[in-house]
Amino acid sequence: MTGNERPIEGLRTAVRGRVLIEGDAGFERAALGWSVGVPQRPRAVVEIADAEDAAALVRYAAAEGLTLAAQPSGHGATTALDGAVVVRTGALNAVEIDPENRVARVGAGVPCGALLEAAGAYGLTFPAGSSPVVTVAGYTLGGGLGWYGRSRGPGSASVRALEVVDADGVLRRISAVAEPDLFWALCGGGGDHALVTALEVELFPAPEVYGGRLVWPAHQAFAVLEAYAKATAGAPEELSVWCSLMQFPPFPELPEPLRGLSAVVVDAAHLGPAEEGRALLAAFEAVDGVVFDTRGALPPAALGMICAEPTDPMPSLHRGELLTDLDGAAAVLRDLAAAGTVHPLVFVQLRHLGGAYTRVDSGACGPVAEPFLLSMMGVTPGAEAAAGVAATLDRIVAAMGPVLAGRKPYTFLAGGERVSAAFPAETLERLREVKRAYDPHGTFRSNFPVLD
Ligand SMILES: Cc1cc2nc3c(=O)[nH]c(=O)nc-3n(C[C@H](O)[C@H](O)[C@H](O)COP(=O)(O)OP(=O)(O)OC[C@H]3O[C@@H](n4cnc5c(N)ncnc54)[C@H](O)[C@@H]3O)c2cc1C
């Protein structure tokens, strides 16, 4: 064993959880995240057994000069993790709901869908994003722009306290009062400053939720985008409406009208009674030719199902941009729809922000002033497909030029992008100061490191 290998081999005795090192059976797959197309090359993967095991791991890493990269599920996989020890937190899967105080304590491996399910049993909910399988940790530590954000602010605004292992390997509970700088950095700064083992998040009542998906053939994009402008212009903060161009695959498991369809799609969630939600979406009723409509009263836990996003790992490329204006973005979508399909992309989506996003000062995420978000994704089964998707993403972003805010939402950063694309200069400088103060030897590394 060389001196270089010794600290890595020592992981096997330093922790109680499973350790996989290059050459071990299963290492190649374990090294990849949910976005399996990202060729991550960590030195080892450690599945920590519990919070004490996490502390033991950090103490060992600090002593041996190893770098730790928490990656609960890997929707945000990047090669910034190369050479680090990837930390999987799946065993930290406890969800405890305190309905009286409307607080949930969730382990760092808990997916958003599991939190929604547990909170929903008490008529409570959480401002989760579109996917039920991203973790509460990965989502909120990066800010988290999703459903209900227009009335609650980003996901990070719901975090009340964090249980962390700091760079000295000490388990601590931090909040805006206890260690305010570290807490500020972790709430939206991406997890570059400590290893989080659990989160306490605020819940809120969801006595009635209305929402679902409406689908038309893509040739109705012009009319749907007009209705989208009307619906969002007058939307109360309880309503979130997203509009997408989509290319559905020809899979037999999809409902018949969607198979292979080039479509224009509206996804909506309203925190309120069904009749109110239906009335708020009235502009869309006037558009003929709906082929699919799942709108209705929803249990709070169904929030993560509205967009029916794939939950199994897949190779994909995505891109996110904050936008200054709807009109210019809608013009780009109309041009794309006129071409017939967004293939090789799966979707080009506009999300309405505004409301509480602009007011809630939520840690490093800060307020989000931009009124719309562009999110795009394509599946990349091979190098040729990846090149086609990347070129299409570039082309659409270029066409959006006049309405690009010049800032990207942190949780939507893609491999190859830098953290400086997501934060104003003064926020990034503060994140770097907190990094130097709390992790001076670089024991932790996020998927978009603040010192990059
Ligand atoms: C299909 C899909 C849908 C999405 N929808 C939305 C959406 O609606 N809104 C939105 O905002 N984003 C969305 N995203 C982006 C997603 O929220 C981020 O990529 C998020 O980080 C992924 O969560 P994860 O559990 O997969 O995190 P991972 O990719 O596993 O980790 C991401 C980063 O989080 C940090 N981190 C995670 N756990 C810890 C921990 N315990 N301690 C310290 N740091 C930690 C690390 O820095 C890590 O690199 C979506 C992504 C996909 C692929």
Expressed in angstrom, Rg and Dmax over the Cα atoms of the chain are 21.6, 71
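How long is the gain from Asp181 to Ala233 if the chain were fully straight, where each residue apart is worth 0.36 nm and the alpha carbon distance is subtracted?
15.0 nm
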In a shell of Cβ-Cβ distance under 12 Å around Ser73, excluding Ser73 itself, what net charge do Lys and Arg (+1) and Asp and Glu (-1) give? 0
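Would you calculate, for the chain, the mean residue ellipticity at 222 nm contributed by helices, counting each DSSP H stretch of 4 or more residues as -39,500 (n - 2.57) and dividing by all residues, to the nearest 500? Show your work: numbers first, answer last.
On the way: 13 runs with 121 residues, N = 452.
Calculated from helices alone, the mean residue ellipticity at 222 nm is -7500 deg cm²/dmol.
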Mind giving me the FRET efficiency for Ala331 and Glu275? R0 is 30 Å, r the Cβ-Cβ distance, nearest 0.05 is fine. 0.35
A correct Stokes-Einstein calculation for the stretch 249-309, using the alpha-carbon Kirkwood radius, 20 °C and 1.002 mPa s, returns a whole-number D in µm² s⁻¹ of 161 µm²/s
Along the positive direction of the dipole of the chain (beta-carbon charges: Lys, Arg +1; Asp, Glu -1; about the Cα centre), which of Gly304, Ala119, Val397 reaches farthest? Val397
Placing +1 on the Cβ of each Lys and Arg and -1 on the Cβ of each Asp and Glu in the chain, which of Ile21, Trp147, Leu281 has its Cα farthest towards the positive end of the resulting dipole? Ile21
Charges at C-beta only: +1 for Lys and Arg, -1 for Asp and Glu. How large is the resulting dipole of the chain about its Cα centre, in Debye rounded to 20? 440 debye
Taking 22 Å as R0, compute the FRET efficiency from the Cβ-Cβ separation of Asp361 and Ala437 and round it to 0.05. 0.55
Given Leu333, Ser316, Val419, which one lies farthest toward the positive end of the charge dipole of the chain, if we put +1 on the Cβ of every Lys and Arg and -1 on the Cβ of every Asp and Glu? Val419
Counting Lys and Arg as +1 and Asp and Glu as -1, what is the net charge of the other residues whose Cβ lies under 13 Å from the Cβ of Leu186? -2
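Would you rank Met305, Met314, Met376 by solvent-accessible area, highest first, keeping every protein chain in place and using a 1.4 Å probe?
Ranked from most to least accessible, the order is Met305, Met314, Met376.
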Let me know the shape class of the stretch 209-412, please: from the alpha-carbon gyration tensor, a ≥ b ≥ c as square roots of the eigenvalues, rounded when a/c is under 1.5, otherwise prolate if a/b is greater than b/c, or oblate. rounded
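Is there a quick way to get the dipole size of the stretch 209-412? I mean about its Cα centre, with the Cβ of Lys and Arg at +1 and of Asp and Glu at -1; what is the value in debye to the nearest 20?
280 debye
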To the nearest 0.05, what FRET efficiency results for Thr324 and Ala387 with a Förster distance of 45 Å applied to their C-beta separation? 0.90
Measuring from label point to label point, each 7 Å out along Cα→Cβ, what is the Thr13 to Glu429 span in nm? 4.8 nm
Between rounded, prolate and oblate, where does the stretch 89-150 land on the alpha carbon gyration tensor, with a ≥ b ≥ c its root eigenvalues, rounded for a/c under 1.5, else prolate if a/b exceeds b/c? oblate
Where the centre of each part is set by its Cα atoms, how far does the stretch 368-417 sit from the stretch 87-140, in angstrom? 28 Å
Only bridges whose two residues both fall in the chain count here: according to DSSP, what percent of them are antiparallel, nearest 5? 90 percent
If packing is taken as the average count of other Cβ atoms within 10 Å, what order do 8-14, 417-423 fall into, highest mean first? 417-423, 8-14
Just to confirm my numbers, what's the Cα centroid distance between the stretch 173-212 and the stretch 255-284 in Å? 30 Å
Quick one: length gained pulling Arg102 to Phe251 fully straight, 0.36 nm per residue minus the C-alpha distance? 49.5 nm
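The values are calculated or read from the model by the stated rules, or taken from the named source; none is laboratory data. Note that the coordinates shown come from a computational prediction; the quantities given were computed from them, not determined experimentally. All Cβ positions, even for glycine, are placed from backbone atoms using ideal geometry, and neighbour counts span all protein chains on display. Each accessible area value is taken on the protein alone, full model and side chains, heavy atoms only, with ligands, DNA and RNA left out. Shrake-Rupley method; radii C 1.70, N 1.55, O 1.52, S 1.80 Å.
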